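So the structure is just underneath, and the comments pick up after that.
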Amino acid sequence: MSILDQICQTGDIKKIPPGEYEALASEIRDFLIEKVSRTGGHLASNLGAVELTMALHLVFDPPKDKLIFDVGHQCYTHKLLTGRKAGFDSLRQYGGMSGFPRRGESECDLFDTGHSSTSLSMGLGLAQARELAGADYHVVSIIGDGSMTGGLAFEALNNAGSMEAPFIIILNDNDKSIGDNVGGLSNTFQNLRTAPRYNRFKQKMKRSLDRIPTVGGAMVRHLDRAKEAVKQILLPNMLFESMGLTYLGPIDGHDIKALIHVLKNAQRLDRPVIVHVVTQKGKGYAPAEADPERFHGIDPFDIATGRSLQKKKTTYTELVAEEMLRLGQKDPKVLALTAAMASGTGLVPFQKAFPDRFFDVGIAEEHAVSFAAGLAKGGYKPYVCIYSTFLQRAYDQIVHDVALQQLPVTFLIDRAGLVGADGSTHHGMLDGGYLQTVPGLTIMAPRDGKELRAMLDFSLSFDGPLAIRYPRGAAPEALGEEPAPLALGKAEVLKEGSGVLLFALGSMVRMAQESLPLLEAEGLHPSLVNARFAKPFDEALLRKMAATHSLMVVLEENNRSGGLGEHISDFCEREALPCRVLNLAPADAFYPQGGTERLLADIGLTPEPICQAVLACLKEVPE
Ligand SMILES: Cc1ncc(C[n+]2csc(CCOP(=O)(O)OP(=O)(O)O)c2C)c(N)n1
């Protein structure tokens, strides 16, 4: 029986003799590499956090003690140590185990997470709740150096510094975000990593002085003052201690003994402490060590070579990569911004071609948007490239700093719609609603790759805030004919019929198109319109169509609340148009992980259920 096989439930790791810890770490790595090679997943971060997670489970007592993983993509060892080994066969699959902490899976998962920089605020809140309730447990938040670049983390640190209660922060510093970490903070961590062992020095000094019987006490008092000076010499930056947190480290994050020792020390403190742990992303698997960025989130791969097993079709992101390069060449005012997702959003070619016009601001979406406002005010044309789900946190910056000022900032919103294996925390099902609320913002969605190119061209001469949303994955290169030229607020009629109008936005144009033969087989002659603009949508066309269509079916890959369908219903009601609106936008819900076609089928946005919904509706309202 392997050592890992002896771990069947939370706490079992404590029965493993210390002499076997290293072998267990190695078994865990082999297990993760094997499983992730089949399912895909966040391999590199998990390989780096094996010993750290083991040490946490050896020192603390979850679920009584609370472990909160920031983002949560590095929680695989935690899942293994809390009895979820069998779940790895269905990791990230439809109906299977999540790649992130999920409350439904284990009481050792405190929050369903996937977004970065939240763990310190959540942990601090939990620690405060413990104090208020007079309860007795430890709260440990584990955050990476990349996630620490998020402003929210600093708001929590600032708050933690003034709190007397115990709260343990583990800074898991692997010197990487998804790609290279950026900014002043990463320099600070670099300095801390290489600084002499301040804590060891401090302890040694104190012990030596305590041994001096009479003058020792006075000397210790003097030491406090001297300490400040010593710190300045020994540590280039007293970031954490000056904020009121005790700093322990840096510790080798692959040395289990050292980790256990420092965690026990942290456990004894009665105030907030930050333990700085240095790890290597991808540790123990040569291809991931060599290219941790590619192995951050990887599709199924061949273990021997590390090569991806999936043949990929051209994605919207790849088209954006080409097009941004083209726009950059065409107009020297074009700038590209990312919040730590240069490769994910396709900006690497732009970065290489125009390093001075490319900005990676770290995991700081709010800052990225306000920063873009400044750049636009200064006469430039910034493109802010952010996934739909992560743009959620920059809502106020879009409203206040960009839209209110009517600045020409273009938002390229990748992963708009269902995203697949990352699940509920990552689906981009809300931007179509929350962006609709922003006055003065124009919103577009392409039906295919060609139209995305046309929309990017349109954006170049557009003078105002603009959002282009497009889904994850393969872009149909051309759905039918060449797109008609784009004009603000004008939709594109793809097929003229009568009775039923399919009014589809973005990714739903393909689904509507594939629904046509099914509807025609039922004796219907539907029209098909590509909405193109979600805001302002084509009111004139809808008015005209209402005369010949008794049913308008609105299709969008976005939750119902505030989306295009609701706005069209409202419009038709206000104008008292003689037609019924069938809004097929999915219900307001958090959708699970799974293949997008499968999820779309579940929520009724594939041709068969679309056709059924139309027929059912026509039974109530004849054509
Ligand atoms: C708000 C937000 N923006 C972007 C991301 C995408 N993302 C996931 S992990 C990650 C890097 C995190 O770096 P770090 O915390 O150092 O962890 P590591 O992957 O290095 O272990 C990023 C940018 C996210 N999850 N949340």
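The values are calculated or read from the model by the stated rules, or taken from the named source; none is laboratory data. Bear in mind the structure is a predicted one, so any value in this text is a computation, not a measurement. Reconstructed Cβ throughout: ideal geometry from the backbone, glycine too, with neighbour counts over all protein chains shown. What goes into the accessible areas is simple: the full protein's heavy atoms, side chains included, and nothing from ligands, DNA or RNA. Shrake-Rupley method; radii C 1.70, N 1.55, O 1.52, S 1.80 Å.
A simple count of charges around L32, restricted to other residues whose Cβ falls under 12 Å of its Cβ and scoring Lys, Arg +1 and Asp, Glu -1, yields +3. With Cα atoms defining each centre, segment 258-284 and segment 521-589 are spaced 56 Å apart in the structure. Below 8 Å between Cα atoms, with a sequence gap of 6+, how large is the relative contact order for the chain in percent? Reported as a whole number, the value is 11 percent.
Karplus-derived 3J(HN,Hα) values for segment 110-127, using 6.51 cos²θ - 1.76 cosθ + 1.60 with θ = phi - 60°, are 7, 9, 7, 10, x, 9, 8, 6, 9, 5, 6, 5, 5, x, 5, x, 5, 5 Hz; glycine and proline are entered as x.
Over segment 492-620, what is the relative contact order in whole percent, taking alpha-carbon pairs under 8 Å and six or more residues apart? Before the final figure, lay out the partial values.
On the way: 205 pairs, mean separation 35.7, N = 129.
Averaging sequence separation for qualifying contacts and normalising by length gives 28 percent for segment 492-620.
Counting only heavy atoms of the protein chains and using a 1.4 Å probe, R103 has close to 140 Å² of accessible surface. The amide H of G420, built 1.01 Å from its N in the peptide plane, has G594 as neighbours under 5 Å, considering only residues 5 or more places off or on other chains.
Report the local net charge at M97: Lys and Arg +1, Asp and Glu -1, summed over other residues whose C-beta lies under 12 Å from its C-beta.
Details: positive: K35, K79, R84, K85, R92, R102; negative: D89, E105, D109.
Neighbourhood net charge equals +3.
What whole-number distance in Å separates the alpha-carbon centres of segment 438-510 and segment 357-416? One Cα centre to the other: 21 Å. With a cut-off of 15 Å between beta carbons, the residues surrounding N559 carry a summed charge of -3, where Lys and Arg count +1 and Asp and Glu -1.
Name the trypsin sites (Lys or Arg not before Pro) in segment 301-332 that are in a loop by DSSP and that have at most 15 other C-beta atoms within 10 Å, would you?
Sparse-neighbourhood loop trypsin sites (Lys or Arg not before Pro): R307, K311, K312, K313.
According to the square roots a ≥ b ≥ c of the eigenvalues of the Cα gyration tensor, what is the shape class of segment 492-620, taking rounded for a/c under 1.5, prolate for a/b larger than b/c otherwise, and oblate for the remainder? Because a/c hits 1.5 or more and a/b fails to exceed b/c, segment 492-620 counts as oblate. Projecting the Cα atoms of L582, Q351, A44 onto the dipole axis of the chain, where Lys and Arg carry +1 and Asp and Glu carry -1 at the beta carbon, places A44 farthest toward the positive end. For segment 316-469, the square roots a ≥ b ≥ c of the C-alpha gyration tensor eigenvalues yield an a/c under 1.5, which makes the shape rounded. Residues whose amide H lies under 5 Å from that of A467, counting only those 5 or more places away or on a different chain, are F411, T442, I443, M444; hydrogens are built 1.01 Å from N in the peptide plane. Over the chain, DSSP H runs of length four or greater, each weighted -39,500 (n - 2.57), average out per residue to a 222 nm ellipticity of -11500 deg cm²/dmol. The residue list Q310, L335, F69 was ranked by how far each Cα lies along the charge dipole of the chain toward its positive end, using unit charges on Cβ atoms, and F69 comes out on top.
For a test of the definition: using alpha carbon positions, the gyration tensor, and the 1.5 limit on a/c, classify segment 417-478 as rounded, prolate or oblate.
Working: a/c = 3.21, a/b = 1.20, b/c = 2.68.
Here segment 417-478 falls in the oblate category.
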